[in-house]
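Below is one structure, written out as structure tokens, with a few remarks after it.
Derivation of every value follows stated rules applied to the coordinates shown; laboratory data play no part. Note that the coordinates shown come from a computational prediction; the quantities given were computed from them, not determined experimentally. Methodologically, a virtual Cβ is constructed for each residue, glycine included, from the backbone with ideal geometry; neighbour enumeration extends over all protein chains shown.
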Amino acid sequence: MELDELKAGWAVLDRRLSALEVSLVAGRAVSGVRSELRLLRWGQATQALLGAGLALAAGSFWVDHRDAAGPLVAGLLLHAYGIAMIVAAARNLVLAARATESAPVLTLQTRVAELRAWRIREGFWFGVVGCFMWVPMLVWAFALLGVDIVAARPVFMGFNVLAGFVCLAVFLFLSRYMKAPEGGSVRRASERLEEIARFTGGGPV
Amino acid sequence: MADEERRRRCEALLHEHRRIVFKVAAVYARHADDRQDLAQDIALQVWRSFGSYDQARPFATWMYRVALNVGLSHARREREKPALLGADVLDALEGGMPIAEPDERLAQLARAIEALEPLERALALLYLDELPYAEIAAVLGLSETNVGTRIARLKQRLRRQLASPASTEKGVPHGT
């Protein structure tokens, strides 16, 4: 079979398809890129709001506790974490807003694949940092009760930091060896980017 | 009233270019039900995105973009290897004409395109539809030179595939 015969087959298909009719079914949910990203948008908007709340609360907390090293550091860490949540969410929302179905195919597919790959990497790093974030939260909670737990119980806080490392080890183990869904997503996102690179010959889109 | 006018215009353009909808659905959906769903998804996405269509530009180019993006999104969700339309599809799609006898050319076409990756299928569809390179470039977002290179590579691959004995032995998953 030659390419001309493929074209002949395509022409047969074309003729047969001309007999079909397409109609708009009212009320039907569309399943395209935008609907795929709808959940992401809601999640990111929620994350930005939570981050703003955390940044505001932690900001006022460390300003009020500048005289105590433990609460000050905890407040600064939580403040930075809140800002990171806002920045990450804003970046994702901007990327998602640029993903429209009427964009050129490779442009949209590259954007979606990059967004996914970035989300997965970002999720990993938030997970790593999250293993330790409850330690400053503990410091914060005790400070609200009027106790500087770092100064009062340094050994107890040391154990908490140690527990953070255990949590990190478990997280890394699960990410690396247990073929967690996250791992599968990383592979799929990488495969899609590789597929686009193969198609474009590694050149610019 | 403006909405009604817009809907009428969109439906008229959809009707005029309906073969694009069905061809993309055929290339990216595996089963008859999926194809029907995908054709509906494409039609609705065309309607929803219609506001972004610049009427100074060719509608077909814009519609190929929307349809292929919805098709690729479908293929990604399915995670299985989608297959090209088999000759059975007209029996399954609403409004289809009954087929007296299967066409071997369609079966061979299905086998050839089934082996391609989703993005290559998009290129194959545009190539087989005999779109000019400039239009393929506008749909895909590549330069015209790059389109020429990709098509040359696609032709080589299809020729190799058509020449290999495996391509004639492989079955088509549509009962063609």
Show me, bin by bin at 10 Å from 0, the whole-percent P(r) of the range A:63-120 based on Cα pairs.
21, 31, 19, 16, 10, 3
So for A:199, A:171, fewest C-beta neighbours within 10 Å to most, what's the order?
A:171, A:199
Sites residue B:9 and residue A:193, calculated FRET efficiency, Cβ-Cβ separation with R0 45 Å, nearest 0.05:
0.75
Going by how many other beta carbons lie within 10 Å of each one, how would you line up A:196, B:20, fewest first?
A:196, B:20
I need the phi-derived Karplus couplings for the range B:48-59: 6.51 cos²θ - 1.76 cosθ + 1.60, θ = phi - 60°, integer Hz, Gly and Pro marked x.
5, 8, 4, x, 8, 6, 8, 5, 6, 9, x, 5
Please report, in whole Å, how far the alpha carbons of the range A:102-153 spread along each principal axis, starting with the longest.
60, 19, 9
Once phi for every residue in the range A:40-55 is put through the Karplus expression 6.51 cos²θ - 1.76 cosθ + 1.60 (θ = phi - 60°), the whole-Hz ³J(HN,Hα) values, with Gly and Pro written as x, are 4, 4, 4, x, 6, 5, 5, 4, 5, 5, 4, x, 5, x, 5, 4
Over the range B:98-160 - Rg/Rh using Cα atoms and the Kirkwood inverse-distance radius:
1.05
Shielding by partners, peptide A:43-51 (average Cβ within 10 angstrom, other chains):
0
Exercise: per-residue mean of other protein chain Cβ atoms within 10 Å, A:95-105:
6
Treating the range B:5-58 as a set of equal point scatterers at the Cα positions, no solvent, please give the Debye-formula log₁₀ I(q)/I(0) at q = 0.12 Å⁻¹.
-0.29
What spacing in nm lies between the two simple spin-label points modelled at residue B:144 and residue A:166, each 7 Å away from Cα in the Cβ direction?
6.8 nm
Can you sort B:74, A:79, B:31 so the residue with the fewest Cβ neighbours within 10 Å comes first?
B:31, A:79, B:74
Tally Lys and Arg at +1 and Asp and Glu at -1 over the other residues with C-beta under 13 Å from the C-beta of residue B:57: what net charge comes out?
-1
After finding the eigenvalues of the alpha carbon gyration tensor for the range A:30-184, what semi-axes result from the square roots of 5 times each, listed largest first in whole Å?
37, 20, 10
